[in-house]
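Right, one structure below, let's go through it.
The values are calculated or read from the model by the stated rules, or taken from the named source; none is laboratory data. Remember, it's a predicted structure, so these values are computed and weren't measured experimentally. Cβ placement follows ideal geometry from the backbone for every residue including glycine, while neighbour counts extend to all protein chains displayed.
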Ligand SMILES: Nc1ncnc2c1ncn2[C@@H]1O[C@H](COP(=O)(O)OP(=O)(O)OP(=O)(O)O)[C@@H](O)[C@H]1O
Ligand SMILES: [Mg+2]
């Protein structure tokens, strides 16, 4: 079982779109999958549950923010986790029974002050951190037992909630448009993780996204980064996956509300559904090698 974060400090590089498509693909392939939406924009939640579903989870306080807040309680125990999980996610067919989601809430932005308040209850900062680590380990154990894959959709920042998941994640994937600014966002990310001493989590690979064959810069970046010994700045990037996700109106249209595709292949169309299957194969193979 693996906890994978979709991470890049550059916005708009298709973290959410790919997080949802990869999760649906893994579920289609028969795996048990949980999506954690760690982004206050709640877009992965919306793609998987619809607008009404997101509002319902917000009303019921069934969100990642509420789970993190519950984890600050002294009495937090493993059996309190399942009520935050919504089953049968996705607009494909009747939803996938094996695809679950913990949606996000805009209230996740209050998490910092929640944590500061919780800290006042402890005598020392060490005691407080030790207790947080114990509860994160509890969440990690639960996820490891219950799922084959946990995919975390992150905002384009190392927000506090992202750092909580970095503490229990196995690896991260860096969706990246093959252009200068997005590559800069990846480099910043790696630099920030190094400086923050976040070294136990593995960089699984760069996922080229929104690729346009007609753009010279896109072709150049993919080619250079794919070399055996890539030149700077491509040598800094996690080794790119062979599967490249193109900029395709069919993938953008798959995020339209009000459509209920009958199957994963119908949702993305055969060529893109196969691309995602290839990508999931590469992800599984790299995870096996990493193990
Ligand atoms: N393969 C694709 N082909 C065409 N459009 C795409 C593709 N992937 C994503 N998009 C579109 O690109 C835009 C950005 O995608 P997305 O929201 O997934 O990026 P993001 O990295 O999650 O952004 P943010 O940093 O704001 O969270 C969206 O409008 C989405 O529909
Ligand atoms: Mg996003």
_Condition first: closer than 15 Å to residue 172 by Cα and buried (at least 20 other Cβ atoms within 10 Å of the Cβ). Can you find one or more residues in region 207-230 that meet it?_
yes
*Pairs under 8 Å by beta carbon, first residue farther than 22 Å from residue 21 by Cα in region 200-219, partner away from ligand 1 (no atom under 14 Å from the Cβ) and part of a helix (DSSP H, G or I), six or more apart or different chains?*
201/166; 201/193; 217/180
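Go through the residues of region 77-93 one by one and say whether even a single one is part of a helix (DSSP H, G or I), touching a strand residue (DSSP E or B) at 6+ places or on another chain (Cβ under 7 Å), at pLDDT 95 or above and surrounded by 15 or more Cβ atoms within 10 Å (Cβ to Cβ). Before the answer, list the steps.
In the first step, residues of region 77-93 are kept if they are part of a helix (DSSP H, G or I); the result is 78-80, 82-84.
In the following step, the residues that additionally are touching a strand residue (DSSP E or B) at 6+ places or on another chain (Cβ under 7 Å) were identified as 84.
So of that shortlist, the ones also at pLDDT 95 or above come out as 84.
Narrowing further to those that are surrounded by 15 or more Cβ atoms within 10 Å (Cβ to Cβ): 84.
For region 77-93, residues part of a helix (DSSP H, G or I), touching a strand residue (DSSP E or B) at 6+ places or on another chain (Cβ under 7 Å), at pLDDT 95 or above and surrounded by 15 or more Cβ atoms within 10 Å (Cβ to Cβ): present.
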*Could you list, in sequence order, all residues of region 221-234 that are within 22 Å of residue 193 (Cα to Cα) and within 24 Å of the chain's Cα centre (by Cα)?*
225, 234
*Give the residue, chosen from 178, 261, 257, 156, that is part of a loop (DSSP other than H, G, I, E, B), touching a residue at least 40 places away in the same chain (Cβ under 8 Å) and touching a strand residue (DSSP E or B) at 6+ places or on another chain (Cβ under 8 Å).*
178
*Those residues that are more than 10 Å from ligand 2 (Cβ to nearest atom) and crowded, with 23+ Cβ neighbours inside 10 Å, I need them from region 7-24; list them, please.*
7, 21, 22, 23, 24
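Residue check: is residue 35 at pLDDT 95 or above, within 14 Å of ligand 1 (Cβ to nearest atom), surrounded by 24 or more Cβ atoms within 10 Å (Cβ to Cβ) and assigned to a helix (DSSP H, G or I)? Steps first, answer last, please.
Numbers: at pLDDT 95 or above: yes; within 14 Å of ligand 1 (Cβ to nearest atom): yes; surrounded by 24 or more Cβ atoms within 10 Å (Cβ to Cβ): yes; assigned to a helix (DSSP H, G or I): no.
No, not satisfied.
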_If I filter region 159-173 down to residues being more than 14 Å from ligand 2 (Cβ to nearest atom) and assigned to a helix (DSSP H, G or I), which single residue comes out as nearest to residue 45 (Cα to Cα)?_
165
*Residues in region 38-50 that are out of contact with any helix residue (DSSP H, G or I) (no Cβ under 6 Å at 6 or more places or on another chain) and either over 17 Å from residue 93 (Cα atoms) or near ligand 1 (Cβ under 8 Å from one of its atoms) (or both): how many?*
2
*Output the number of residues of region 103-128 satisfying the condition of being out of contact with any helix residue (DSSP H, G or I) (no Cβ under 9 Å at 6 or more places or on another chain) and in a helix (DSSP H, G or I).*
5
*Consider only pairs whose beta carbons are under 8 Å apart and that are at least six residues apart or on different chains; among these, list those whose first residue lies in region 100-125 and is farther than 18 Å from residue 60 by Cα and whose second residue is surrounded by fewer than 14 Cβ atoms within 10 Å (Cβ to Cβ) and modelled with pLDDT of 80 or more.*
119/125; 121/74
_Filter result for the condition that a residue is at pLDDT 95 or above and outside any strand (DSSP E or B), over 281, 205_ = 281
*Pair list, Cβ < 7 Å and 6+ apart or interchain, from region 240-251 residues that are within 15 Å of residue 174 (Cβ to Cβ) and within 16 Å of ligand 2 (Cβ to nearest atom) to residues that are part of a helix (DSSP H, G or I) and at pLDDT 95 or above*: 245/18; 245/275
*asked:* Tell me whether region 9-31 contains one or more residues that are within 16 Å of ligand 1 (Cβ to nearest atom), free of Cβ contacts under 8 Å to residues at least 60 places away in the same chain and either part of a strand (DSSP E or B) or touching a strand residue (DSSP E or B) at 6+ places or on another chain (Cβ under 6 Å) (or both).
replied: no
*Within the bounds of region 181-197, is there any residue that is in contact (Cβ under 8 Å) with a residue 60 or more places away in the chain and in contact with a helix residue (DSSP H, G or I) (Cβ under 6 Å, 6 or more places away or on another chain)?*
no
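State whether one or more residues within region 147-165 are over 14 Å from the mean Cα position of the chain (by Cα), under 24 Å from residue 280 (Cβ atoms), surrounded by 15 or more Cβ atoms within 10 Å (Cβ to Cβ) and away from ligand 1 (no atom under 16 Å from the Cβ). Spell out how you get there, then give the answer.
Taking region 147-165 and keeping what is over 14 Å from the mean Cα position of the chain (by Cα), we get 147-148, 160.
After this cut, where a residue has to be under 24 Å from residue 280 (Cβ atoms) as well, the list is 147-148.
Right, trim to surrounded by 15 or more Cβ atoms within 10 Å (Cβ to Cβ) and you get 147-148.
Retained after the next criterion (residues that are away from ligand 1 (no atom under 16 Å from the Cβ)): 147-148.
Within region 147-165 (the criterion being over 14 Å from the mean Cα position of the chain (by Cα), under 24 Å from residue 280 (Cβ atoms), surrounded by 15 or more Cβ atoms within 10 Å (Cβ to Cβ) and away from ligand 1 (no atom under 16 Å from the Cβ)), the answer is yes, since at least one residue qualifies.
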